[in-house]
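Undergrad: Please see the structure below; I have some questions.
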């Protein structure tokens, strides 16, 4: 039989499929095809001009037919209610395998990590609660809704540590302003993609980033990485890198991230909340365009509030992972029941009773109250009560004025900082790929030093040119007016 792959080349494909089964996920047919093409490309002679061979679309099915240990099953879509009504046996089996992997490999709590990606629509926050005296008021806060997507790749450990993120921004160039006009930490990894989403290439960049920052704090021989079964996390290159670095990828069961993934269960909710708060604060301080620069300027503060050690430890505890407690999750499993029609009679809201007060709160009422007190007898029994009301109203006005001044100061400071950020340059530091913040800043610093040196050299050339012009003019003057030579000498002595 004329097979595209030899038996020696088909063996790694089998090992790859078995490895995916081991970590708790299943390969799709395109993943089998991609794995085979990757092997053919790698084994193709580098000196030839011919392109490497590839397998056809039906090759994967023929390959599986030659290897009866693998089976093809159709993944069926189910309605949301039934999807959430999980089989307790599946959950319990996953927990048992999780505990077995940790015990057999000696994975300590600090070496257990959860990885996930979350997306931010840069300028779109959430509705905020406001305080108003009018219950029917339609409250709006004007802003330009920037719908560009930024993906944040996050990893947290069982002992409450958050690794530096990888931020994926839409575009093809790494702009200089992303690092020079923001306070991003030096170890943040910046990446670009056409869509702002992750892909197979960026997943490999992230696992290398993960190893760089998790290996130095590792206390055991192995690290466990809990992650979902997204295709970019299951490529042959990704799995091979994990095996080489003693990272154990362990996939969550399908449709269970809202129950078993610490980042989803606890951490991402406050992260999105503080992102919305940042947009709201920026809008209230005069920002009408919450763009990439504004987002990058705010993300350090947003993450600092969301990724607290207590929050991360709570995330692993609430998912039953640390300490080990599968019953905590099993007790939360919803039971599917068909929806039944229900009728809720309309309710009439209670009448709003307006507040009545005699304490003056406006400047006009304070003036009227002051005039009344001047004409009142100080020994009158009502004088003291009216005076107390006047004092309370005055203090309230003073506090309100002080708060308004504070708000105005904060607004002006925010506007000044924003003005500096918005004074943009389109200079880039790199095209495509990934780059650490400190690397981008080093490139900018080197470029600025080179520019400064060029300006110095240009100024020195201008000075030399001026000197030559002066000498030339002096010689002309001495030629036409012989007496000027002595004048020049006398001036030089002085």
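Undergrad: Which order do peptides 468-476, 165-173 fall in by mean Cβ count within 10 Å, highest first?
TA: 165-173, 468-476
Undergrad: Could you sort the peptides 176-182, 325-331 by per-residue average Cβ neighbour count (10 Å cutoff), highest mean leading? Can you show the working numbers first?
TA: Numbers: 176-182: 21.0, 325-331: 15.6.
Peptide ranking by packing, descending: 176-182, 325-331.
Undergrad: Mind checking the full-extension length gain between residue 384 and residue 7? Use 0.36 nm per residue of separation minus the Cα-Cα distance, one decimal, nm.
TA: Length difference between fully extended and current span is 125.6 nm.
Undergrad: Starting from the Cα gyration tensor of the stretch 202-247, take the square roots of the eigenvalues, sort them a ≥ b ≥ c, and report rounded, prolate or oblate (rounded when a/c is under 1.5, otherwise prolate if a/b is larger than b/c, else oblate).
TA: prolate
Undergrad: Let me ask something additional. Based on the mean of other Cβ atoms within 10 Å per residue, sort peptides 60-71, 212-223 so the most packed one is first.
TA: Listed from highest to lowest mean packing, they are 212-223, 60-71.
Laboratory data are not the source of any read-out in this text; all were calculated from the coordinates shown. Since the model is a prediction, treat every value here as computed from it, not as a measurement. Neighbour counts run over all protein chains shown; Cβ positions are idealised from the backbone, glycine included.
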